[in-house]
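Below you'll find the structure, written out as structure tokens, and then a few comments.
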């Protein structure tokens, strides 16, 4: 993303790490890294809150640099002039009440001074009142679910999954520009509108984070948390899950596309027509071929991360489906496993994530893929009948 | 140290009226504080190498983008075990080792108050270490949750998680017994005339640390027990589906976890407060304010736990309270740094290896403390939480704060333990390579964190690649530098220049009135304490 590129290294971003930068520069030269991105500071902020955070951090950085330089100037003086090898004789003093009171009071005053901007930035950050638009964000292992609750897009609901191909991760293909920071369907929001984000999770704690907005909020299963942003600039902003959530924690990015009002309206219209078009007929009777073709897609998006594309899983935590007792057993138990999940394990309940058709298709796929040649077909109506049991 | 302790024992055999087993039985059955201290130190060094090797696996995987050597699951297990082993297996036992060796000698006591319990406190550690390390090999592997063990992720784990829970129970028992022993020894066994306010500062730091441990370890034990019953016995402490709350675990964990930070840091402060005056040839500046600062840090450490939880959705008022409370802790910490600086001021400084490590501690710990001040500000912390900035911050505090200070103590007291001077050239090489590689490894992580690289990920976007290369080079250099200390210690154990009873001309304290190496039994009669040896 633009925020990560190396052309926004403004001159006003001074920082103390000259040594680090020097060392980095040397290495870059040595390794001939052409597109090195030696980012040294927070990402360029695009919300008012993120700007305040940026400024607060800059202020703090100066405060700590001044303190550090002050303290270690004294140390350096001692190290140079109070050496035994210089013939310096040790003094014997070991107390001085005035000095001790001073270095208790002065830091206290500095801290009080810092507390004012720190408090007001925080108060701003937490004010989620009067949003223009509310989106519910649900963390899943390992993808994000977005559901527009209010505004024009109310009712639009989809999953957002890592789009980086497996080959790039396994170093079999060259890595793309947005390696690991790209998804199939980003969150789309209008520019300049206050967007309230409600977070929750389906399985374990995740964290929805976009550094350019200074937004980072845990998604806690069974609870709702909220945060907000008002993006001032159109563009694509990227973040990542920021709470360890298991195996693929590093592979569930957050991508937010901030678009103009017109583009947003067009996007909403498109979503609505798609919603209507794909509204499934749960009573449709499927042929095996088309069902399996759909099932494979559902499997790849929802199941393959753990059970693997070849069905062999990663035992014992993620069991194999190829030849599995449940898959090869009665189909009701298999369907119930997918619908209700298995508490206490990473096997999620997919009842809320997948439609009847999806569940029927994926279960049929699992019962017919690899060496599981059961030849069985499952119709969406059967899933509907089992739901809620 | 084994060999020389034997030598020490042999040299004083005729004073030893009650005799004791030799060979391996000596070490299994020993109740001698010096033997037990030696075992603690060796154990912690072994665990340090194991935990360090794990961190090198992490850095190797992170050397370039993409997955190269390990799977994401295994990566998570390594980062979890690295932290648990370093915190509970390496740093904490190292300072208990120092306490065992030095506190009786510093206060003029013949041994620890509960000598047999002392043996048990140590021998609980190996089973816990085996449980933790062996959990890699059980079905499902070790816990992959991070050392914080947050549910519901920890509920999903396999039996490796249960092994980690039992290991934490056992380590907790060991720590609690160890601290009761230390607190009792300090309060009851000081030589006549050594009032609390004349006691060496290392003893003060351990007195406060002991209370912190006694108060906080049972809380951790409770938290992991609740995890265990949630996992196996159908309770729902941390599951919303059963009326519980996953965030409750975080509150309990960090109510232990923050005092834990100071459990690690305070004894390190204690060691440095001995080393800096010795090599400045000047009394410690502001002894009384040091004591008050230690007590204040200990107390405040119980009231700041939720600054680890700013992004969990705690209310605004909660965030504000924890921000102010956290800022408060900077004041006593600042006082300590100013005191050390002023101790050096107008001293007569020399720079032997212990002093170098103490100075390294001072520089790096101050950097870690100052980035801690940045992280205390809730709004900034929310931007930096769970990024590499935090990883850099706590390694500056933990590695520089604890490890460098432990090395300062090791080089400082090694002549007393072995009776020989260590190889000063190798010691200095060890310091400089550690200092340089540490900064190469961890300073760039501040930038990674600011740019938004999350922690605990096995693979990362390409704009983070360059700093990760530098960090990897630093980590490997730092790791291999630590083998130097083994050479130094073995050399000093085998021979070398004889150490006098007070090999450092600026060192004060009762331990320096004893011969080097210290005899197997010391201060069987309380020594005379005079003002000259006060305030080491």
Going by the structure shown, is residue B:324 surrounded by fewer than 20 Cβ atoms within 10 Å (Cβ to Cβ) and at the interface with another protein chain (Cβ under 7 Å from one of its Cβ atoms)? yes
In the range B:267-292, the residues that are under 25 Å from residue B:376 (Cβ atoms), within 23 Å of the chain's Cα centre (by Cα) and buried (at least 24 other Cβ atoms within 10 Å of the Cβ): B:267, B:268, B:269, B:270, B:272, B:273, B:290
Filtered residue count, the range B:487-501, keeping only those that are surrounded by 18 or more Cβ atoms within 10 Å (Cβ to Cβ) and under 22 Å from residue B:279 (Cβ atoms): 4
Is there a residue being modelled with pLDDT of 95 or more, within 20 Å of residue B:75 (Cβ to Cβ), within 14 Å of chain A (Cβ to nearest Cβ) and part of a helix (DSSP H, G or I) anywhere in the range B:473-496? yes
Of the listed residues (B:394, B:351), the one being within 12 Å of another protein chain (Cβ to nearest Cβ), more than 22 Å from residue B:480 (Cβ to Cβ), surrounded by fewer than 21 Cβ atoms within 10 Å (Cβ to Cβ) and touching a residue at least 12 places away in the same chain (Cβ under 8 Å) is B:351
Only one of B:256, B:249 that is over 22 Å from the mean Cα position of the chain (by Cα) and crowded, with 21+ Cβ neighbours inside 10 Å: B:249
Within the range B:149-198, of all residues that are part of a loop (DSSP other than H, G, I, E, B) and over 14 Å from residue B:224 (Cα atoms), the one nearest to the other protein chains (Cβ to nearest Cβ) is B:158
Which of (1) more than 8 Å from chain A (Cβ to nearest Cβ); (2) buried (at least 23 other Cβ atoms within 10 Å of the Cβ) does residue B:428 not meet, given it meets every other one? (2)
Tell me, please, whether a residue that is farther than 22 Å from residue A:44 by Cβ, within 13 Å of chain A (Cβ to nearest Cβ) and in contact with a helix residue (DSSP H, G or I) (Cβ under 8 Å, 6 or more places away or on another chain) can be found in the range B:381-388. no
Considering only helices (runs of 4 or more DSSP H) fully contained in the range B:24-108, which possess at least 2 residues that are more than 28 Å from residue A:169 (Cβ to Cβ) and under 15 Å from the mean Cα position of the chain (by Cα)? B:33-61, B:92-107
In the range B:147-156, what residues are crowded, with 21+ Cβ neighbours inside 10 Å and in contact (Cβ under 8 Å) with a residue 60 or more places away in the chain? B:149, B:150, B:151, B:152, B:154, B:155
Counted residues in the range A:82-105 being surrounded by 12 or more Cβ atoms within 10 Å (Cβ to Cβ) and more than 9 Å from chain B (Cβ to nearest Cβ) come to 1
Got a sec? Which of B:264, B:276, B:214 is within 11 Å of chain A (Cβ to nearest Cβ), within 30 Å of residue B:200 (Cα to Cα) and in contact (Cβ under 8 Å) with a residue 12 or more places away in the chain? B:276
Would you mind stating whether residue A:257 is within 24 Å of residue A:48 (Cβ to Cβ), touching a residue at least 24 places away in the same chain (Cβ under 8 Å) and not assigned by TED's automatic domain parsing to the domain that holds residue A:302? yes
Might you let me know whether the range A:171-178 holds any residue that is within 11 Å of chain B (Cβ to nearest Cβ), in contact (Cβ under 8 Å) with a residue 40 or more places away in the chain and either under 13 Å from residue A:136 (Cα atoms) or touching a strand residue (DSSP E or B) at 6+ places or on another chain (Cβ under 9 Å) (or both)? yes
Any idea which of A:246, A:250 is within 14 Å of chain B (Cβ to nearest Cβ), assigned to a helix (DSSP H, G or I) and under 24 Å from the mean Cα position of the chain (by Cα)? A:250
Inspect all residues belonging to the range B:130-141 and state whether any of them is in contact with a helix residue (DSSP H, G or I) (Cβ under 6 Å, 6 or more places away or on another chain), within 14 Å of chain A (Cβ to nearest Cβ), surrounded by fewer than 18 Cβ atoms within 10 Å (Cβ to Cβ) and part of a loop (DSSP other than H, G, I, E, B). yes
Report yes if residue B:473 is within 28 Å of the chain's Cα centre (by Cα) and buried (at least 20 other Cβ atoms within 10 Å of the Cβ), otherwise no. no
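The values are calculated or read from the model by the stated rules, or taken from the named source; none is laboratory data. Worth saying up front: this structure is predicted, and the values here are computed from it rather than measured. When we count neighbours, we look across all protein chains shown, and the Cβ atoms used for this are built from the backbone with ideal geometry, even at glycine.
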